[in-house]
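Take a look at the structure below.
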Amino acid sequence: MTPNSTAEPTMAVPASGVTVRLYDPGFGDCLLLAFRGEDGKARYMLIDCGVHHSYAGGADRAALVAEDIAKATGKHLHVVVVTHEHTDHLYGFKHGRAHFDGMVIDDLWLAWTEDPTNETAQILSVRYGIRIRALAEAVRLLGSRDPMGEALQRVLEFESPEAMAATGGKAEQLKYLRRQSTKKLERPEDYRHPEKPPFLLEGVPGVKVYVLGPPEDVDWMKSLVRKSELYPELAAMDDADSFAAAVLAASGAEDVGTEAEARFQRTRPFDESLGIPEGSARDHPEYGRFF
């Protein structure tokens with residue numbers, strides 16, 4: 001299908017600011033942003049379009065999302081942003097291919113980790129691949145009946161090589177977007193780097209775009225937790241306290257007695273009065289059906 005952007009967009013743009021439309025593909029992310037350009041016309045930015053490959057009915061929902069995006073934008077996306085490669089962020093482009101084939105995509109934003117000429121990206125890719133294969137082997141050795149094996153399998157489903165191969169692969173979706181984008185990613189500077197100054201959205205005055213990550217430093221990427229970047233209440237917890245907090249959370253502990261329990265209570269995102277004890281959640285008169 002030849003891309004065609006002559007259709008009239010159905011998603012209006014605000015006089016100023018941005019309009020954000022959040023789609024619900026099921027288990028996945030998809031956001032469509034509309035800015036007013038300096039010429040008064042819309043500039044559309046799509047951030048991810050995906051549904052998890054194991055989500056029942058996800059393919060049909062993703063196709064409907066893609067159809068609406070085509071109507072909303074008049075088949076013209078000025079920018080497509082892919083935050084990362086999980087299927088719940090990418091597979092809308094797979095299942096909605098019939099609609100994306102007919103859209104014009106001016107620009108594609110990918111992180112520096114997708115630059116085939118970046119040496120650090122290549123090193124990380126090799127290391128990551130080894131870890132994924134090792135995790136898959138651990139799941140196999142544990143067996144499907146082992147609770148830990150089941151838990152690891154649910155995590156691994158985001159990255160399992162077998163699952164990806166069975167559903168068309170993640171790499172193919174990025175290849176497709178590279179082909180569809182008018183602006184080709186041919187140089188290192190065509191990719192997005194967090195250490196660079198914020199850049200402007202072309203044709204939209206006053207909008208600055210900041211790239212927050214991933215950091216272009218292997219040591220930083222391996223450092224998932226830094227106490228200096230946490231709230232003081234969380235920084236007070238060492239590994240042993242974290243383990244204790246996890247056990248307490250699993251047991252539905254409510255009493256605040258010891259120092260460790262007090263710190264556990266402070267790690268909760270909401271006040272204790274707003275919580276529902278796990279043991280009584282299913283029988284809760286108002287929210288029981290949810291659980």
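Structure data summary
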{"item": "Criterion (of a type in the set (Asp, Glu) and over 14 Å from the mean Cα position of the chain (by Cα)) met by exactly one of ASP88, ASP106", "result": "ASP106"}
{"item": "Condition met for THR87 (touching a His at 6+ places or on another chain (Cβ under 9 Å) and either modelled with pLDDT of 95 or more or open to solvent by less than 10 Å² (accessible area, probe 1.4 Å) (or both))", "result": "yes"}
{"item": "From GLU216, GLU186, residue being open to solvent by 40 Å² or more (accessible area, probe 1.4 Å), modelled with pLDDT of 60 or more and more than 21 Å from the chain's Cα centre (by Cα)", "result": "GLU186"}
{"item": "Residues of the stretch 14-53 satisfying the condition of being exposed (fewer than 15 other Cβ atoms within 10 Å of the Cβ) and among the small types (Gly, Ala, Ser)", "result": "ALA15, SER16, GLY17, GLY40"}
{"item": "Boolean, VAL80 is within 16 Å of GLU202 (Cβ to Cβ) and buried (at least 20 other Cβ atoms within 10 Å of the Cβ)", "result": "yes"}
{"item": "In the stretch 189-213, residue farthest from GLU38 (Cα to Cα) [restricted to those that are surrounded by 11 or more Cβ atoms within 10 Å (Cβ to Cβ) and among the hydrophobic types (A, V, I, L, M, F, W, C)]", "result": "VAL211"}
{"item": "Which numbered condition THR117 misses (of (1) modelled with pLDDT of 90 or more; (2) under 21 Å from the mean Cα position of the chain (by Cα))", "result": "(2)"}
{"item": "Hits in the stretch 276-286 - residues which are modelled with pLDDT under 80 and not in a helix (DSSP H, G or I)", "result": "ILE276, PRO277"}
{"item": "Scope the stretch 121-137; condition open to solvent by 70 Å² or more (accessible area, probe 1.4 Å) and farther than 24 Å from ARG192 by Cβ; matching residues", "result": "ILE130, ARG131, ARG133, GLU137"}
{"item": "So PHE243, is it open to solvent by 40 Å² or more (accessible area, probe 1.4 Å) and at pLDDT 70 or above", "result": "no"}
{"item": "Residue in the stretch 41-49 that is modelled with pLDDT of 95 or more, touching a His at 6+ places or on another chain (Cβ under 8 Å) and aromatic (Phe, Trp, Tyr) present", "result": "yes"}
{"item": "Residues of the stretch 75-116 classified as touching a strand residue (DSSP E or B) at 6+ places or on another chain (Cβ under 8 Å) and farther than 20 Å from ALA171 by Cα, total", "result": "7"}
{"item": "Any hit, the stretch 14-31, residues being within 17 Å of GLN173 (Cα to Cα) and outside any loop (DSSP other than H, G, I, E, B)", "result": "yes"}
{"item": "Matching residues in the stretch 55-67 - criterion: being more than 16 Å from the chain's Cα centre (by Cα) and open to solvent by 50 Å² or more (accessible area, probe 1.4 Å)", "result": "ALA56, ASP60, ARG61, LEU64, GLU67"}
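The values are calculated or read from the model by the stated rules, or taken from the named source; none is laboratory data. All of these numbers come straight from a predicted model, not from anything done at the bench. Using ideal geometry, Cβ is built from the backbone for each residue, glycine included, and neighbour counts are taken over all protein chains shown. With ligands, DNA and RNA removed, areas are computed over all heavy atoms of the protein, side chains included. Shrake-Rupley method; radii C 1.70, N 1.55, O 1.52, S 1.80 Å.
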